[in-house]
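Heads up: the structure comes next, in structure tokens.
The values are calculated or read from the model by the stated rules, or taken from the named source; none is laboratory data. Given the structure is predicted, the values throughout are model-derived calculations rather than measurements. Cβ sites come from the backbone with ideal geometry, for glycine too, and all protein chains shown count toward neighbours.
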Amino acid sequence: MTPGSSKGQNLPDGPGRDALQKVCTGCHGVEAAVSARHTREEWEAIVSDMVDKGASGTDAELEQIITYLSTNYRRRPATVNVNTAPAKALELDLGFTKSDAEAIEQYRQSNGKFKSLDDLKKVPKIDTAKIEAEKNRITF
């Protein structure tokens, strides 16, 4: 890929996508920007470094880029506690669908904390294969 080129169609939709494509493709393709996973703080430092190196965007665009990257390209934690994580974290950090993540949160609110994977698998209509795939990252 040549500098300044982009395959933006591979980026998830969302606020900040257009700003990312506009600001970050001046020196490199978008794939270079999204090839790694970072915390929000790390993305803030990276964007700041890029501005120091000549990237230009409005403050609003830069904030949109940081939010977009930290939402879609964030480092996943090693473990996720299914008793305390909100639905959005279950979705982003464990890869559950939005409906599964919301079902877990609702089930937990109605039935109390999970004690085991078997308890988690009792959530109606949940993808138990996803639970098995992520079992080493799930804590209670």
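A count restricted to segment 13-39 and to residues that are under 11 Å from S70 (Cα atoms) and surrounded by 14 or more Cβ atoms within 10 Å (Cβ to Cβ) stands at 4. For segment 80-91, a residue qualifies if it is within 21 Å of L69 (Cα to Cα), surrounded by fewer than 20 Cβ atoms within 10 Å (Cβ to Cβ) and not small (G, A, S), and the qualifying residues are V80, P86, K88, E91.
Residues that are surrounded by fewer than 20 Cβ atoms within 10 Å (Cβ to Cβ) and under 25 Å from the mean Cα position of the chain (by Cα) within segment 109-123 comprise Q109, K113, L117, K121, listed in sequence order. Residues of segment 22-54 that are outside any loop (DSSP other than H, G, I, E, B), at pLDDT below 90 and β-branched (V, I, T): V30 alone. The set of residues in segment 88-123 being outside any helix (DSSP H, G or I) and either over 16 Å from I138 (Cα atoms) or without any contact (Cβ under 8 Å) to a residue 12 or more places away in the chain (or both) consists of G112, K121.
Collect the residues in segment 92-105 that are out of contact with any Asp or Glu (no Cβ under 8 Å at 6 or more places or on another chain) and either surrounded by 15 or more Cβ atoms within 10 Å (Cβ to Cβ) or among the basic types (K, R) (or both), keeping them in residue-number order. Those that are out of contact with any Asp or Glu (no Cβ under 8 Å at 6 or more places or on another chain) and either surrounded by 15 or more Cβ atoms within 10 Å (Cβ to Cβ) or among the basic types (K, R) (or both): L92, D93, E102, A103, I104, E105.
Of the set (1) touching a residue at least 24 places away in the same chain (Cβ under 8 Å); (2) more than 30 Å from K121 (Cα to Cα); (3) among the small types (G, A, S); (4) in a helix (DSSP H, G or I), all apply to S70 but (2). Does T58 satisfy the condition of being closer than 30 Å to A19 by Cα, under 17 Å from the mean Cα position of the chain (by Cα) and hydroxyl-bearing (S, T, Y)? Against the criterion (closer than 30 Å to A19 by Cα, under 17 Å from the mean Cα position of the chain (by Cα) and hydroxyl-bearing (S, T, Y)), T58 does not qualify. Kindly indicate whether any position in segment 57-73 is within 30 Å of T25 (Cα to Cα), exposed (fewer than 12 other Cβ atoms within 10 Å of the Cβ) and either of a type in the set (S, T, N, Q) or modelled with pLDDT under 95 (or both). Yes; the residues of segment 57-73 include at least one that is within 30 Å of T25 (Cα to Cα), exposed (fewer than 12 other Cβ atoms within 10 Å of the Cβ) and either of a type in the set (S, T, N, Q) or modelled with pLDDT under 95 (or both).
Determine, yes or no, whether T58 is within 30 Å of Q109 (Cβ to Cβ) and free of Cβ contacts under 8 Å to residues at least 40 places away in the same chain.
Details: within 30 Å of Q109 (Cβ to Cβ): no; free of Cβ contacts under 8 Å to residues at least 40 places away in the same chain: yes.
No.
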